[in-house]
Amino acid sequence: MISDDADEPHVRFSQRYGLAPVPPQLRLGELSGQFFRLIDYALKLEFDRATGNGSLERFFYENWRAVEQDLHVKFRGRSIREFKTDVRRTERILQRNLFEREHSITLDLLEFLILHPNVSQSFKSDVADAFVQERTAYRVMDNRLIVAIGNDQQADAYMRGISDAESSGLEGARTHLISAGAALRDGDWNVSVRESISAVESAARTYERNANTLGAALSQLKQQGHLNASLLAAFEKLYGYTNTEEGVRHAPVLADKSSVDETDALFMLGTCASFVSYLSAKCALSRRDFDASRGD
């Protein structure tokens, strides 16, 4: 579906009022209105490069006439005998397919154009930049293929983590997860990773109030039977990664935008949201067992 988010409220509104939109990198099948405007602009620039003005009508230069013919036969599946060069008609066909409500057609067409040797490198770069600039769930890889960088499972884990935190009274963890998603949307990978691991720390320390750090809280949860050794080891390593002098939790490194990338931020968001859900479920079960043992 198309979402025109040009007039969306500033992200801090969502943080203040507890809204938690899924970051656009996880919204498979969704492309923003601004993304389409950028693609339309890139297409116009490409046609300006690829066409000339004759005495009667516009015409394609030789390289783009080959693109036009391949679009007719290889993409649209029409007979070559029906082909007739027509700049305006081809432009209308491209626009109609690019702006289809079914985004698989849009992505198929963009990939076709990216792969075609006669389409300019400028157009291909503009398309790749549009995917990045609008933080879509897709990227152009190796100047050839359009691939998904997020998935529905990550989106579900993120929303479930927020919901579980809310239902368990883990307001700190919920706020950190929302902030992590907002930072991911804004392209601040360091802050997103920091907020993701802070969500786990907040959840763990809510249950173990005497613990001063996440590591200490996790150890206490393990001793009480809420956390098995393998999961403890895994999260101790993740916490160690974020908490070293080179890690994202240290202020000097926050200025170094190259220390963490989008893939790291996506992984940490999904992983930490899932762990918040896990902690919520385990500790809720422990409370029920405790109540049952007292006869409550």
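The values are calculated or read from the model by the stated rules, or taken from the named source; none is laboratory data. Remember, predicted model here, so these are calculated numbers, not experimental data. FYI the Cβ positions are ideal-geometry reconstructions off the backbone, even for glycines, and counts take in every protein chain you see. Just so you know, the surface numbers come from the protein's heavy atoms only, side chains and all, with ligands and any DNA or RNA stripped out. Shrake-Rupley method; radii C 1.70, N 1.55, O 1.52, S 1.80 Å.
Here are the numbers:
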{"quantity": "Accessible area of the range 161-202 belonging to carbon and sulfur atoms, whole % at 1.4 Å probe", "calculated": "38 percent"}
{"quantity": "Virtual spin-label span in nm between Phe99 and Lys74, 7 Å along Cα→Cβ", "calculated": "2.7 nm"}
{"quantity": "Pairwise FRET efficiency - Glu166 versus Met141, Cβ, R0 = 22 Å, nearest 0.05", "calculated": "0.05"}
{"quantity": "Solvent-accessible surface ranking, highest first, for Tyr138, Tyr207 at 1.4 angstrom", "calculated": "Tyr207, Tyr138"}
{"quantity": "Percent of Cα-Cα distances greater than 22 Å, calculated over the range 58-195", "calculated": "53 percent"}
{"quantity": "Trypsin sites (Lys or Arg not before Pro) within the range 128-159: DSSP coil, no more than 11 neighbouring Cβ in 10 Å", "calculated": "Arg144"}
{"quantity": "Order by protection proxy (mean Cβ within 10 Å, highest first), peptides 70-81, 261-272", "calculated": "261-272, 70-81"}
{"quantity": "Per residue, the convex hull volume that the Cα atoms of the range 33-97 enclose (Å³)", "calculated": "93 Å³"}
{"quantity": "Cleavage-rule hits, chymotrypsin sites (Phe, Trp or Tyr not before Pro), the range 32-69, DSSP coil, Cβ neighbours within 10 Å at most 15", "calculated": "Tyr61"}
{"quantity": "Eligible lysines near Lys222 by straight Cα distance, threshold 29 Å, same-chain separation 8 or greater", "calculated": "Lys237, Lys282"}
{"quantity": "Sequence-distant lysines (8 or more away, or on other chains) whose Cα lies within less than 18 Å of Lys44", "calculated": "Lys124"}
